[in-house]
Amino acid sequence: MAREKSSKDNAQALFHSLRSAYAATPVNLKIIDLYVGFAVFTALIQVVYMATVGSFPFNSFLSGVLSCVGTAVLAVCLRIQVNKEFKDLPPERAFADFVLCNLVLHLVIMNFLG
Amino acid sequence: MGKSWVIFVTSILILLPFLCNSFSIETPTDHRVLVLLDDFAIKSSHSSYFNFLKSRGFDLDFKLSDDPKVALQRYGQYLYDALILFCPSVERFGGSIDVAAIINFVDSGHDLIIAADVNASDLIREISTECGVDFDEDPSAMVIDHTGYAVSETEGDHTLIASDDFIKSDVILGSKKITAPVLFQGIGHSLNPVNSLVLKVLSASPSAYSANPKSKLSTPPSLTGSAISLVSVIQARNNARILICGSLRMFSNRFFKSGVQKAGSSTKHEKSGNEQFLTEISKWVFHERGHLKVVNVKHHKVGETDEPPLYRINDELVYSVEIYEWSGKSWEPYVADVVQVQFYMMSPYVLKSLSNDKKGLYSASFRVPDVYGVFQFKVEYQKLGYTSLSLAKQIPVRPYRHNEYERFIPTAYPYYGAAFSTMAGFFVFSFVHLYNK
């Protein structure tokens, strides 16, 4: 009895500490997180649509999902490199990499879309 | 002298085409008929039938069957368009005619009438077997019917039978119904049931049998009942027509004029049905009825008029043919029940009935199936008594070209939207990220 009550208390304590730690992150990182969330949400919509209608132009489906997943991955890379706790390279260089990679990604997407 | 000779030769050469008045594709009715007889008494005893033929415009050439000068062809060309064999007891033909010559004559599209009789020779039996008809093996057998015989004062052995079991075909027997029964006295034959080209025109009644009337029956007869055919016709695959009859006396003046009363029935007919029956069936045998020709096989895309060399899948096309029937003097439009066209590649992908405009033009419009390959337009028309039509025209069908597909697929619109929305999102995000303080 006491152990169950304490595990429930532990989960609640963990959740609260996560929320307060996240509230402390800088605003630009939160903007990147929002962007990643938007990309994943778009990918989920496409997968649900394919599950209902069927995979007829499969190349279009793959292209759509790849664009969402690719932007999410590139945004996560940008978030890692821009975070002030890591001093690997200057944030301008990170942003330039991000833009170039996105250009290549969208070129591939437009060709594969059909 | 030389000048007048030149004028003579040129005038002959100019007149020569008009002297050739023979059977041709354009006028399928036969003209010159060779009639082979056992003896010339048949010419006078069967004169009604021959006069009927002459009145239809045939040139009859009467010869004895063992005349050494008789010949069907000379220098590779046939001298006659049709052959009538009224010689049931011939053992060997004279001249250059034999079984092979007669079969070749039929194979080249000419018509034949054979009349056998009791004690028919082996030669006549052999010719009939080649045509698909088997006479009774006993040479002196006749068809006897104790319930369907013709009532008469003299003959008591019931070999003179009155039959009205006709085939139901207006094209073979004419549109006027034959009311009086037909008198028959002779041998019967049987047909192979597997053979689809022979037809029983006059069958014996179920109580008939084939046996020698003068001797006692020791074994049951082999040919009995309605399996016995008295008069049969064969329409060969090249549309040559053959009439085989087991009684030469059917064609005689005596039978044509005599009255008939069938045993068991009280109606006494003044005139037998022989004349009407034989004249109508002779008209059919000599191609005055039921002879079809097909012209103008055309196909094109809906909306165009010229014939393309190939079609694409899912094209709409129109197929049309014109069918005419020979009426004895001219080609009349043929009005049929159902003529079908198949779009065929190993099996028919499309089977459509052609619609008729009552002037001989049959057309149908359909869509090319979603399969590419080499197809055929096939029309197979076989109706009882009419010439069989078998047309096939090959046409290739190609798949879509790469630029004939639809440009944007409607089911993929969400994916297009997602790709463009990520691009727009990236653009907006980069501005927000750069100018965020």
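The values are calculated or read from the model by the stated rules, or taken from the named source; none is laboratory data. Since this is a predicted model, take the numbers as computed values, not measurements. FYI the Cβ positions are ideal-geometry reconstructions off the backbone, even for glycines, and counts take in every protein chain you see. Areas reflect the complete protein model, heavy atoms only, side chains present, ligands, DNA and RNA absent. Shrake-Rupley method; radii C 1.70, N 1.55, O 1.52, S 1.80 Å.
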Test B:E153 against the stated conditions and say whether it is farther than 16 Å from B:S247 by Cα, in the same structural domain as B:I242 (by the TED database) and in contact with a helix residue (DSSP H, G or I) (Cβ under 8 Å, 6 or more places away or on another chain). no
If A:A75 meets every condition in (1) within 10 Å of chain B (Cβ to nearest Cβ); (2) open to solvent by 50 Å² or more (accessible area, probe 1.4 Å); (3) modelled with pLDDT of 90 or more apart from one, which number is that one? (2)
Scan segment A:49-66 and give yes if some residue there is touching a Gly at 6+ places or on another chain (Cβ under 7 Å), small (G, A, S), surrounded by 14 or more Cβ atoms within 10 Å (Cβ to Cβ) and closer than 24 Å to B:F427 by Cα, otherwise no. yes
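Sort out which residues of segment B:116-131 are among the aliphatic types (A, V, I, L, M) and within 20 Å of B:P213 (Cα to Cα), and write them in order of number.
Our first condition is that a residue be among the aliphatic types (A, V, I, L, M); within segment B:116-131, this holds for B:116, B:118, B:120, B:123-124, B:127.
Passing the criteria: B:A116, B:V118, B:A120.
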Collect the residues in segment B:297-327 that are closer than 16 Å to B:V374 by Cβ and not in a loop (DSSP other than H, G, I, E, B), keeping them in residue-number order. B:H299, B:Y311, B:R312, B:L317
Taking B:I313 as the residue in question, decide whether it is modelled with pLDDT of 90 or more and in contact with a helix residue (DSSP H, G or I) (Cβ under 6 Å, 6 or more places away or on another chain). no
With respect to B:K329, is the statement that it is at pLDDT below 90, outside the structural domain of B:S55 (by the TED database) and open to solvent by 40 Å² or more (accessible area, probe 1.4 Å) true? yes
Residues within segment A:31-47 that are open to solvent by 60 Å² or more (accessible area, probe 1.4 Å) and more than 10 Å from chain B (Cβ to nearest Cβ), tallied: 4
Does B:F52 fit the bill of being touching a strand residue (DSSP E or B) at 6+ places or on another chain (Cβ under 8 Å), among the aromatic types (F, W, Y) and touching a residue at least 40 places away in the same chain (Cβ under 8 Å)? no
Among the strands (runs of 3 or more DSSP E) lying completely within segment B:1-104, list those that include at least 1 residues that are open to solvent by 40 Å² or more (accessible area, probe 1.4 Å), modelled with pLDDT of 85 or more and among the acidic types (D, E). B:59-64
